[in-house]
């Protein structure tokens with residue numbers, strides 16, 4: 001088990017959360033706490049960099065949905081970047097690859113055009 005490390009930085013489009021370690025039952029509450037500190041504005045994009053996630057269970061997936069709902073509530077966009085293959089597989093199985101825009105890296109996620117409008 002690897003403790004979750006969260007680094008928050010600001011890109012031109014909004015906050016970028018860089019996650020490293022395990023996003024699991026023990027660690028997902030830390031992501032939820034970090035999300036509560038964000039001040040998302042309408043039209044911004046929250047980018048979640050998952051490139052250094054080692055493990056993600058259902059609690060981690062739920063925390064990502066919480067992030068999506070936070071963005072939707074702020075009329076902001078969300079994107080996942082650098083999602084490891086095993087996590088992409090989980091997202092596809094549960095249909096969340098249709099909910100989250102997936103990008104190969106943070107630069108691509110920041111540069112991408114917004115989705116078809118603010119999340120519902």
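The values are calculated or read from the model by the stated rules, or taken from the named source; none is laboratory data. The model shown is predicted, which means the values in this text are computed figures rather than measured ones. So basically every Cβ, Gly included, is an ideal-geometry build from the backbone, and we count neighbours across all protein chains shown.
When you go through 22, 49 one by one, which is the residue that is touching a residue at least 40 places away in the same chain (Cβ under 8 Å) and touching a strand residue (DSSP E or B) at 6+ places or on another chain (Cβ under 6 Å)?
None of the other options fit; the residue is 49.
Would you point out the residue of region 79-120, among those that are in a loop (DSSP other than H, G, I, E, B), touching a strand residue (DSSP E or B) at 6+ places or on another chain (Cβ under 8 Å) and modelled with pLDDT under 95, that is surrounded by the most Cβ atoms within 10 Å (Cβ to Cβ)?
Keep residues of region 79-120 that are in a loop (DSSP other than H, G, I, E, B), which gives 82-84, 94-95, 99-101, 104-105, 112-120.
This time we only want the ones that are touching a strand residue (DSSP E or B) at 6+ places or on another chain (Cβ under 8 Å), so: 82-84, 100-101, 104-105, 112, 114-115, 118-119.
Now drop any that are not modelled with pLDDT under 95, which leaves 112, 114-115, 118-119.
Numbers: 112: 16, 114: 15, 115: 14, 118: 15, 119: 19.
So, considering only residues that are in a loop (DSSP other than H, G, I, E, B), touching a strand residue (DSSP E or B) at 6+ places or on another chain (Cβ under 8 Å) and modelled with pLDDT under 95, the one surrounded by the most Cβ atoms within 10 Å (Cβ to Cβ) is 119.
Out of (1) farther than 14 Å from residue 19 by Cα; (2) out of contact with any helix residue (DSSP H, G or I) (no Cβ under 8 Å at 6 or more places or on another chain), what's the single condition that is false for residue 94?
Status for residue 94: all satisfied but (2).
Taking the condition of being closer than 11 Å to residue 84 by Cβ and either surrounded by fewer than 14 Cβ atoms within 10 Å (Cβ to Cβ) or more than 14 Å from the chain's Cα centre (by Cα) (or both), how many residues in region 17-57 meet it?
Here the count works out to 2.
Tally time: how many residues in region 29-49 are closer than 19 Å to residue 12 by Cα and not in a loop (DSSP other than H, G, I, E, B)?
6
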